[in-house]
1. How many percent of the accessible area of the range 1-88 is carbon or sulfur, using a 1.4 Å probe?
2. Mind checking the range 153-244 for GluC sites (Glu not before Pro) that DSSP puts in a loop (not H, G, I, E or B) and that have at most 13 other Cβ atoms within 10 Å?
3. Could you compute the FRET efficiency for Val197 and Gln155, with r as their C-beta to C-beta distance and R0 at 30 Å, rounded to 0.05?
4. Can you tell me how the range 105-175 classifies by the Cα gyration tensor, rounded, prolate or oblate, using a/c under 1.5 as the rounded cut?
5. Using the Karplus equation 6.51 cos²θ - 1.76 cosθ + 1.60 (θ = phi - 60°), what ³J(HN,Hα) coupling, rounded to whole Hz, does each residue of the range 98-115 give in order, writing x for Gly and Pro?
6. Rounded, prolate or oblate: which fits the range 1-78 when a ≥ b ≥ c are the square roots of the eigenvalues of the alpha-carbon gyration tensor, with rounded for a/c under 1.5 and prolate only if a/b beats b/c?
7. Against the empirical 2.2 N^0.38 Å scaling, what ratio does the C-alpha Rg of the range 17-130 come to?
8. Loop only by DSSP, 12 or fewer other Cβ within 10 Å of the Cβ. Give me the trypsin sites (Lys or Arg not before Pro) in the range 176-265 that pass, ordered by residue number.
Amino acid sequence: MRFDLTDLRLFLNVQETGSITAGARRSHMTLASASERIRGMEDTLGVPLLLREPRGVEPTPAGRTLAHHARVVLAQMDRMRGELDHYGHGLKGHVRVLCNTTALSEYLPPVLGAFLKDHPRVSVDLEERLSHEIADALRAGACDIGVLADSADLQGLRTVTFRHDPLALIVPPDHPLAGRQAVLLADVADQEFVGLVEGSALQEHIAHHARRGGRALSYRVRLRSFDAVCRMVGQGVGIAIVPRVAAARYGRAAGVRRVALADDWAVRDLVLCVRDALPAYAAELVEYALRDAPGLRRAASAAEIDASAPQREASESPRAMDARTTRASAQSRARTRTPTPRRPG
């Protein structure tokens, strides 16, 4: 049995995208070449690895086993490259990060900009997902780092608070709710909304909680950025639910009023999560991300994500997250509250 790293990476890309065409595109090869490689792997093993269906492909039991071992092998190769990078030049590391809407638009761009500027031989694959999907992907080994809402199921993951991220309602300045201090989603569910485009993780999160209350929100327009949403609300088109940080950033110029959203699910933190040992360059990205982590000393940040370790000096690196599991932290709201059913976000 002779599979090279290109074969393994291709197979993972096909499995994750559910399509040989999409997997080939992600692997930067032609469809014919990708199909030939997969047939070669199946011929070598003597068993089918994929079930080909009209709408895509699904891995067989043998395919799932191959995918598991492929992730282990490729992760070890990335770790080796990261460690050897300290001794030579020309090696390039790759970090796959999954995050929710707010992290993608508000928090990660400056973190990644600083990191990539300082690490010219490292690339980052950044993708928006729902929080529960990010947690599942981390547990499956499909990404290195996840930034997600703390309402997701974090079982088996090492976590640390990344940012406080409460949601807020924004309304036009002459709206009847403009003078309110706080409202519940149920109070405004019959209003006309402005939102992000379909498929946005935040919009899915809001829609989920509206459905739990037996309501379906009505959207007059869907846009691609929080800036555009705020400007549309400022023109009186409707109201919107956005992260408080986005309302603060764009709200003044747009002329909107901010009202606190009092639902429990709207008061949330973003957490940074990993599952396994990280290559050195990926651990450095975690360090950059935690520089502005709220409400925690640097030592606490390192200790939470590297759980069984004793309390450290503030200068210690979070790279020690490579070897341990998460302990329940009294400093983290997500670790101390009474368990509730997990929700996407």
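The values are calculated or read from the model by the stated rules, or taken from the named source; none is laboratory data. Remember, predicted model here, so these are calculated numbers, not experimental data. Ideal geometry is used to build each Cβ from the backbone, glycine not excepted, and the neighbour counts take in all protein chains shown. These accessible areas exclude ligands, DNA and RNA; they are computed on the full protein's heavy atoms, side chains included. Shrake-Rupley method; radii C 1.70, N 1.55, O 1.52, S 1.80 Å.
1. Solvent-exposed carbon and sulfur of the range 1-88 make up 54 percent of the total.
2. Qualifying residues, ordered by number: Glu198.
3. For R0 = 30 Å, the calculated efficiency reads 0.45.
4. Oblate, since a/c reaches 1.5 and b/c is not below a/b.
5. Calculated HN-Hα couplings, in order: 10, 8, 8, 4, 5, 4, 5, 8, 10, 10, 7, x, x, 5, 5, x, 5, 5 Hz.
6. Note, shape of the range 1-78 comes out rounded.
7. Against the compact-globule rule of thumb, the ratio is 1.32.
8. Sites meeting the loop and neighbour criteria: Arg224.
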